[in-house]
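Accompanying notes for the structure given below.
The values are calculated or read from the model by the stated rules, or taken from the named source; none is laboratory data. Predicted, not measured: the structure shown is a model, and the values here were computed from it. Neighbour counts run over all protein chains shown; Cβ positions are idealised from the backbone, glycine included. Quick note on the areas: whole protein, heavy atoms, side chains included, nothing else; ligands and nucleic acids left out. Shrake-Rupley method; radii C 1.70, N 1.55, O 1.52, S 1.80 Å.
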Amino acid sequence: RSDSLQRAHEVLDYVGLGEARYRKVESYSTGMKQRLKLGSAIVHDPQLLILDEPTNGMDPAGRREVLELARDLAHHKGMSLLISSHLLPDVEFVCDYVIVLGNGKLLAEGEIQQLKQVHDQCFDVRLKTEMQPFSRRLAELGCATEFHDDVLRVRLPKGQSPQMLWQLAADEQQQIRYLRPQRSTLEEVFLTAVEQS
């Protein structure tokens with residue numbers, strides 16, 4: 001009895017409900033209830049944990065907390081997680097391997113980083129300063145550009161290398177802080193698999 005009580009307290013602390021352990025569950029927020037469900041699922045330290053839409057109906061902060069717990073369980077606690085979700089950013093945050101199902105059939109599977117293909121001639125760029133003038137100069141040189149949050153996505157003309165970006169930055173006295181080949185998103189992998197089925 002004392003061991004089980006101690007384990008229950010450890011798990012409640014782990015899922016961030018240590019301070020709320022004596023409150024009525026009816027008073028918990030949706031995020032707290034989800035963390036309580038997660039805690040009850042891991043109290044016996046299972047080897048495999050199956051989560052079905054674990055962040056459904058949650059606000060962004062609660063969603064992040066549950067995903068960080070799931071990621072910690074998978075990557076630091078030696079627990080295998082099977083997550084079923086349509087929220088692909090959640091899957092990508094927690095999982096290393098993905099299986100895409102459609103109409104009861106296996107459409108694609110593999111390690112996420114291998115499925116997310118590198119796009120030829122496309123690069124994500126971030127500068128130290130304002131990127132609009134840099135984007136206009138790239139357009140003048142025949143590059144297609146578009147903004148994604150704080151990243152400028154650049155498609156180079158055929159035959160050009162990323163050296164073109166470094167040279168233009170030097171010419172414009174700009175400093176590139178981030179440059180990497182653009183990869184498919186998990187959503188693109190999913191949509192492609194569904195279209196090809």
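Side notes on the structure shown:
- Test: residue in the stretch 69-83 that is at positive phi and surrounded by fewer than 16 Cβ atoms within 10 Å (Cβ to Cβ): yes
- Consider the stretch 164-193 and keep the residues that are polar (S, T, N, Q) and under 28 Å from the mean Cα position of the chain (by Cα). The one that is surrounded by the most Cβ atoms within 10 Å (Cβ to Cβ) is Gln182.
- For the stretch 177-194, the criterion of a residue being among the basic types (Lys, Arg) and within 28 Å of Ile99 (Cβ to Cβ) is satisfied by at least one position.
- Within the span defined as the stretch 98-119, one or more residues are touching a Leu at 6+ places or on another chain (Cβ under 7 Å), open to solvent by 90 Å² or more (accessible area, probe 1.4 Å) and without any contact (Cβ under 8 Å) to a residue 40 or more places away in the chain.
- Verdict on Asp150 being over 29 Å from Gln196 (Cβ atoms), under 24 Å from the mean Cα position of the chain (by Cα) and either modelled with pLDDT under 90 or open to solvent by 80 Å² or more (accessible area, probe 1.4 Å) (or both): yes
- For His86: the one exception among (1) in a loop (DSSP other than H, G, I, E, B); (2) within 12 Å of the chain's Cα centre (by Cα): (2)
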